[in-house]
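Peer 1: Okay, here's the structure, questions in a sec.
The values are calculated or read from the model by the stated rules, or taken from the named source; none is laboratory data. Quantities reported herein were computed from a predicted structural model and do not represent experimental measurements. Cβ placement follows ideal geometry from the backbone for every residue including glycine, while neighbour counts extend to all protein chains displayed. Accessible surface areas use protein heavy atoms only, side chains included; no ligands, DNA or RNA. Shrake-Rupley method; radii C 1.70, N 1.55, O 1.52, S 1.80 Å.
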Amino acid sequence: MDQFTLNLIVVGASFALYIGIAIWARAGSTSEFYAANRGVHPVLNGMATAADWMSAASFISMAGIIAFVGYDNSTYLMGWTGGYVLLALLLAPYLRKFGRFTVPDFIGDRFYSQTARIVAVIALLVISITYVIGQMAGAGVAFSRFLEVSSSTGLWIASAVVFCYAVLGGMKGITYTQVAQYCVLIVAYTIPAIFISLQLTGSFLPQIGLFSNDASGAPLLANLDGLLTDLGFRTYTEHHANTLDMVLFTMALMIGTAGLPHVIIRFFTVPKVSDARASAGWALVFIALLYTVAPAVGAMARLNIINTIYPNGIDGTPLAYADQPQWMTNWENTGLLAFEDKNGDGLIQYYNDANAPAIAAESGWAGNEMTTFNRDILVLANPEIAGLPGWVIALIAAGGLAAALSTAAGLLLAISSAVSHDLIKSVLNPGISEKGEMLAARISMAIAILIATILGLNPPGFAAQVVAIAFGLAAASLFPTIMMGIFSKSMNSTGAVAGMLTGLVVEMVYIFTYLGWFFIPGTNTLPNTADNWLFGIQPASFGVVAAILNFIVAYVVLAMTKPAPKEIQELVESIRVPRGAGAAQSH
Amino acid sequence: MSDKSASAYWAANIRLITICLVIWAVVSFGFGILLRPLLSGIAIGGTDLGFWFAQQGSILTFIVLIFFYAARMNAIDRDFGVNE
């Protein structure tokens, strides 16, 4: 059986499973559509949260981003896990006690203000749509490879599939489907990693293999550093990046995690406050299974790529273009991998042009010939690079799609509930029927998918980088406001609204300045390079600066206005205590 | 719940949160980034302990922290009689 048929069978079977579960658990009423009647066990909820959370960014993109940079991009690993500590300690239990369906519900009620609710809806929409752009970009890559089409065709197919999928079921469908998706994606991610770790280091656990000796008898990371140095690249394990930016980037991902509406919404679905705390822990256990494997995947793939191109060592004859393995041909067809034979010798040379090693001049190399290697293909190509069997390759396609689809569906749910529930039902038309609310939810999903697909054709970065920007926005806008809602009894609506608007606008302006206004390619005011950033702070990291401004503005405004009324202060007292958390109500 | 025990309960919670967040920051921003040069003498698999904390150790510590907080907090809930 050829690889294409095998891909179709495995991906098709995984889809049949998800759709079957979604139909079986089809949402009937609006409360089921949003929060599944709170009947979900913490372990299952943790697993579903992990599937919801680990998107195309974590699965398809992150190891590639780490592979081509090394230690400096450990920020993604720490940032996207450390946020769960903040969620468990600072937000989840209190939001569960508060007992509403959505983040704008909390902000609107805690700050007793429709304006606060509307600003929260706007922030949520900006964050979620940015996030969906990253998902679409990643899903497009996965579809383009396994259906063997161009990357833009892959993107349109992805958007059609996400639409059908998200519109079919609500949260309940999604919760159980996401448990299935978690299982598919974690198996798909770890099996190739275990194989590769065994091949390279003889260690069964990639987490151990990363720090073990390879066949040469020296540590794998030391050999990788040596090869990269010989090719003129920066070493893998050393610190090269701007330290301030590294710290702020990690922090932005952490506090962004705790401000992400589609993650927070998960903690509304557990039965008790104590379960909300444990759920965050279980989610992180399931997330860590992938996150501790990802750095091993990155380092080992980078080593395998170098060894593929230089089968006889760097001093020996490089790979001939005509002899290239099948995976290179497959990915060249998508346009995401490209070679250019600059010196016309029929061989592929891969090295750093900007810091060409001595051997380049000696051997008549005329430039790096692996001209394009889209970071988002690394994980998907990884089993092929290591020469693993066909079913493993098919499995990773299914896993990548599971990751992208599950997160896109969770985000679209957050978007649709913000529009139909928080905006239309609470503000614009309180008398809307349940049927009308469901219809508005689905229309808003469709519009969000369309916007994300169009912007995903030319995304402002690789999947993980786009998603990091969504985190910068969440860090700047929602996180500080929710924090103040719980930890500051006197914070009033004027302060909260002023802070939220400041954080959101400052971060949006900073992002658009470098990445294009509303992410439209070519409209950026300044080039997106470190020299142009304020103090070397990249757009996603700037979310922390914007968050600090959010807090400052809120407290300054609070000092000039009256504190929150007594009944609100009593409300805050009550959410700090677990006892009495009944089922949530919509209003 | 009286006002006095409510504020004692909240103070106990804040104290626990503070301890956990200090550890959270030390393993990630500390050992993983800022204090890495201090740990550079401790070699591990071709690199140093700071690299291990940045790519493995911080994540494992986060998991332990959350379950520690959840367990301690459940105990505090029971002590103050505010458990569900």
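Peer 1: For A:435, A:97, give me the order by solvent-accessible area with a 1.4 Å probe, most accessible first, ignoring ligands, DNA and RNA.
Peer 2: Details: A:435 170, A:97 30 Å².
From most exposed to least exposed: A:435, A:97.
Peer 1: Could you please state, rounded to a whole Å, how far the C-alpha centre of the range A:387-423 is from the C-alpha centre of the range A:289-355?
Peer 2: Their Cα centres are 29 Å away from one another.
Peer 1: Can you pull the percent of the protein assembly as shown's accessible area that's carbon plus sulfur, 1.4 Å probe, other chains left in place? Please report the intermediate quantities before stating the final value.
Peer 2: Details: 14530 of 22400 Å².
Within the protein assembly as shown, the accessible surface is 65 percent carbon and sulfur.
Peer 1: Quick one: Cα centre-to-centre distance for the range A:93-151 and the range A:225-272, in angstrom?
Peer 2: Using only Cα atoms to place each centre, the spacing works out to 20 Å.
Peer 1: To the nearest whole number, what is the average tally of beta carbon atoms from other chains within 10 Å of the beta carbons of peptide A:286-299?
Peer 2: Working: counts 0, 3, 5, 0, 0, 4, 5, 0, 1, 6, 2, 0, 1, 2.
Partner-chain Cβ atoms within 10 Å, mean over residues of A:286-299: 2.
Peer 1: If we restrict to alpha carbons, what Rg and Dmax does the range B:3-79 come to, in Å?
Peer 2: 16.4, 57
Peer 1: Only four residue types carry charge here, +1 at the Cβ of Lys and Arg and -1 at the Cβ of Asp and Glu. Report the dipole size of the range B:3-79 about the Cα centre in Debye, rounded to the nearest 20. Working shown, then result.
Peer 2: Working: 5 positive and 4 negative charges, 12 e Å.
That gives a dipole near 60 debye.
Peer 1: A follow-up question, please. Among A:116-124, A:364-372, what's the highest-first ranking by average C-beta atoms within 10 angstrom per residue?
Peer 2: Numbers: A:116-124: 25.1, A:364-372: 15.6.
Those peptides, ordered most packed to least, come out A:116-124, A:364-372.
Peer 1: Given a cut-off of under 8 Å on Cα pairs at least six residues apart, what relative contact order in percent is computed for the range A:294-420? Display every interim value, and only then the final one.
Peer 2: Numbers: 103 pairs, mean separation 27.5, N = 127.
Relative contact order comes out at 22 percent.
Peer 1: Here's something else I'd like to know. For the peptides A:318-331, A:395-408, what is the packing order when you average, over each peptide's residues, the other Cβ atoms within 10 Å and list the highest mean first? Intermediate values should be presented prior to the final figure.
Peer 2: On the way: A:318-331: 15.6, A:395-408: 29.5.
The packing order, highest mean first, is A:395-408, A:318-331.
Peer 1: Taking only the alpha-carbon atoms of the protein assembly as shown, what semi-axes of the equivalent ellipsoid follow from 5 times the gyration tensor eigenvalues under a square root, in whole Å, largest first?
Peer 2: In descending order the semi-axes read 42, 27, 23 Å.
Peer 1: Can you give the local net charge around residue A:382? Use residues other than it whose beta-carbon is closer than 15 angstrom to its beta-carbon, Lys and Arg +1, Asp and Glu -1. Intermediate results must be reported in sequence, preceding the final value.
Peer 2: Values: positive: A:145, A:302, A:375; negative: A:376, A:384.
Surrounding charge for residue A:382 is +1.
Peer 1: Per-residue Cβ counts within 10 Å, from other chains only, averaged over A:272-282: what number is that?
Peer 2: On the way: counts 2, 6, 7, 2, 1, 8, 6, 2, 4, 10, 4.
Mean shielding count: 5.
Peer 1: Cross-link candidates for residue A:272: which lysines have Cα within less than 22 Å, leaving aside residues fewer than 8 places away along the same chain?
Peer 2: Within the straight-line limit of under 22 Å, residue A:272 reaches these lysines: A:97, A:172.
Peer 1: While we're here: Could you compute the FRET efficiency for residue A:505 and residue A:560, with r as their C-beta to C-beta distance and R0 at 30 Å, rounded to 0.05?
Peer 2: E between residue A:505 and residue A:560, to the nearest 0.05, is 0.90.
Peer 1: Quick one: net charge of residue A:492's neighbours, Cβ under 11 Å, K/R +1, D/E -1?
Peer 2: Details: positive: A:110, A:489, A:562; negative: none.
Surrounding charge for residue A:492 is +3.
Peer 1: Once both axes come from the Cα atoms, what is the angle between helix A:273-291 and the longest principal axis of chain A, in degrees from 0 to 90, rounded to 10?
Peer 2: Relative to chain A, helix A:273-291 is tipped by roughly 10 degrees.
Peer 1: Sort A:556-564, A:205-213 by packing, meaning the average of other beta carbons within 10 Å per residue, with the highest value first. Don't skip to the answer; put the middle values down first.
Peer 2: Numbers: A:556-564: 14.6, A:205-213: 21.4.
Ranking, from highest mean packing down: A:205-213, A:556-564.
Peer 1: Find the accessible area per residue for the range A:432-531; the probe is 1.4 Å, ligands and nucleic acids are left out, and the unit is Å².
Peer 2: Values: 3550 Å² over 100 residues.
Ligands and nucleic acids excluded, the result is 36 Å² per residue.
Peer 1: Taking both sides together, what accessible area is buried at the A/B interface, probe 1.4 Å, expressed in Å² and rounded to the nearest 100? Each step should come with its number before you reach the end.
Peer 2: Working: alone 20520 and 5910 Å², together 22400 Å².
For chain A against chain B, roughly 4000 Å² becomes buried.
Peer 1: Could you tell me how many degrees, from 0 to 90 and to the nearest 10, lie between the Cα long axis of helix B:58-79 and the main elongation axis, the longest principal axis, of the Cα atoms of chain B?
Peer 2: That helix lies at roughly 10 degrees to the long axis.
Peer 1: Out of residues 5 or more away from residue B:44 or on other chains, whose amide H comes under 5 Å of its own, with H placed 1.01 Å from N in the peptide plane?
Peer 2: It is B:49, by chain and number.
Peer 1: Run the reach check for residue A:489 against aspartates and glutamates, Cα to Cα strictly under 16 Å, same-chain hits fewer than 8 apart removed. What comes back?
Peer 2: Leaving aside aspartates and glutamates fewer than 8 places away in the same chain, those within reach of residue A:489 are A:109, A:567, A:570, A:573, B:3.
Peer 1: While we're here: Angle, helix A:463-476 long axis vs. longest principal axis of chain A, Cα atoms, 0 to 90°, nearest 10?
Peer 2: 30 degrees
Peer 1: Taking K and R as +1 and D and E as -1, what net charge do the other residues with C-beta under 12 Å from the C-beta of residue A:317 add up to? Write down the numbers at each step before the final one.
Peer 2: Numbers: positive: none; negative: A:315, A:323, A:345.
Every neighbour counted, the sum reads -3.
Peer 1: Would you mind calculating the relative contact order of chain A from Cα pairs under 8 angstrom and at least 6 residues apart, reporting the percent as a whole number? Numbers along the way, then the final one.
Peer 2: Details: 1116 pairs, mean separation 167.6, N = 587.
Normalised by residue count, the contact order of chain A is 29 percent.
Peer 1: How high is the relative contact order of chain B, in percent, counting Cα pairs under 8 Å that sit 6 or more residues apart? List each step's numbers first, then the result.
Peer 2: On the way: 55 pairs, mean separation 25.5, N = 84.
Relative contact order here is 30 percent.
Peer 1: So what's the gap between the Cα centers of the range A:528-562 and the range A:370-386, to the nearest angstrom?
Peer 2: Centre-to-centre (Cα) distance: 36 Å.
Peer 1: Give me a single rounded figure for A:74-86: the average over its residues of other chain Cβ atoms within 10 Å of their Cβ.
Peer 2: Details: counts 11, 4, 0, 7, 12, 2, 1, 7, 11, 1, 5, 14, 5.
The mean count of partner-chain Cβ atoms within 10 Å per residue comes to 6.
Peer 1: Note down the magnitude of the dipole of chain A about its Cα centre, charges +1 on Lys and Arg C-beta and -1 on Asp and Glu C-beta and zero elsewhere, to the nearest 20 debye.
Peer 2: Working: 24 positive and 32 negative charges, 575 e Å.
Taking the Cα centre of chain A as origin, the dipole is about 2760 debye.
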